[in-house]
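One structure is given below, encoded as structure tokens.
Please treat every number below as a calculation from the coordinates, not as lab data. The shown structure was predicted, so the numbers you read here are calculated from the model rather than taken from an experiment. Neighbour counts are summed over all protein chains in view; Cβ atoms, including those assigned to glycine, are modelled from backbone coordinates with ideal geometry.
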Ligand SMILES: Cc1ncc(COP(=O)(O)O)c(C=O)c1O
């Protein structure tokens, strides 16, 4: 049996129509299939390979760590150099109150743990989130995600979760003295790149402070330079009480973290002890990769150059059927009149060797989130192919 056959037979499927590229290898902004076709990766699988595929600094960090040790003990017991080094590095890059990192395996786990931390710290039960948000696919993360279509089949979900409209200052009154945590994406990703106003984010911060609720900013998709800042909250002049990160954190390795102040984080170690535990969280190879990832961002000035690359790509995307481009840094939603047209364009792009992709909660748009290492020439190649794919897809 071929790999393709057994992929369909033996692996659980998530949709009836997976893309099904059979991957041979990947390097920089390109993925190569087993027939030798190259694909310019304009989504970074998704918002993960901000430093490109197999960045040499990340690969070296991984190899060096593989030669020392792999897993030795669940998170929190042994002192492991790559974990400490990563915690130090993150502290040096973040505001003073985000000084303590807890390393986990994924975005959803970071969200789960952040919700638990907010409940444990405040002694409250209510959680507030936003309509159209996406925070992950586990029960807790799904409970606070705002797309009912993805949730109804899995109820009952967490109780005492309330939803506000994203960006609506009027709805902030839902946050009250009973609220443990408020979970908000700094830019809504899977809702189709929705960029809130600075005034909204500042009012959100102020309301949480006023009532003593912890503000949890989900930067799992927006982190590590995707929006043109290391973290998107920097645009708004606010600091969350808890920051959740994952995806692009470790240059292509599986990792997440939630980060808070030492005093808040301390409550996970007693009453009960082991308030959050994970066997593989903070895996030394992933932590080494994450340190390498930050080095790669810094060496390549990738955060600093994301906005200018985003401006160029936006400028080059030209077709009368584009209804709107929503963009911040190198995070794009390109909107059309119908979802059907979007499906056609994404397929056509793939034929032309350019990978674009859908959003979970915005079928009229496709996403672009290329590696921040993309060159001007690659941007031009991608834009030309996408414009042609649009032209060939409109009736
Ligand atoms: C904003 C946001 N939060 C959380 C998650 C969940 O992360 P993971 O897929 O690593 O569980 C995602 C994934 O797309 C995301 O975009």
Restrict the check to region 357-373 and report whether at least one residue is in contact with a strand residue (DSSP E or B) (Cβ under 6 Å, 6 or more places away or on another chain), touching a residue at least 24 places away in the same chain (Cβ under 8 Å), more than 16 Å from the ligand (Cβ to nearest atom) and under 13 Å from residue 42 (Cα atoms). no
Of all residues in region 210-226 being free of Cβ contacts under 8 Å to residues at least 40 places away in the same chain and assigned to a loop (DSSP other than H, G, I, E, B), which is farthest from the ligand (Cβ to nearest atom)? 223
For region 132-157, what are the residues that are assigned to a loop (DSSP other than H, G, I, E, B) and within 14 Å of the ligand (Cβ to nearest atom)? 132, 133, 134, 135, 136, 137, 138, 144, 145, 146, 147
Consider region 158-186. How many of its residues are within 16 Å of the ligand (Cβ to nearest atom), in a loop (DSSP other than H, G, I, E, B) and touching a helix residue (DSSP H, G or I) at 6+ places or on another chain (Cβ under 6 Å)? 3
Residues that are within 16 Å of the ligand (Cβ to nearest atom) and in contact (Cβ under 8 Å) with a residue 60 or more places away in the chain: does region 298-320 have at least one? no
When you go through 294, 345 one by one, which is the residue that is in contact with a helix residue (DSSP H, G or I) (Cβ under 9 Å, 6 or more places away or on another chain), closer than 29 Å to residue 131 by Cβ and in a helix (DSSP H, G or I)? 345
Please go through region 230-239 and give me each residue that is in contact (Cβ under 8 Å) with a residue 40 or more places away in the chain and in contact with a helix residue (DSSP H, G or I) (Cβ under 6 Å, 6 or more places away or on another chain), ordered by number. 230, 236
Among the residues of region 94-125, how many are more than 10 Å from the ligand (Cβ to nearest atom), buried (at least 21 other Cβ atoms within 10 Å of the Cβ) and part of a strand (DSSP E or B)? 3
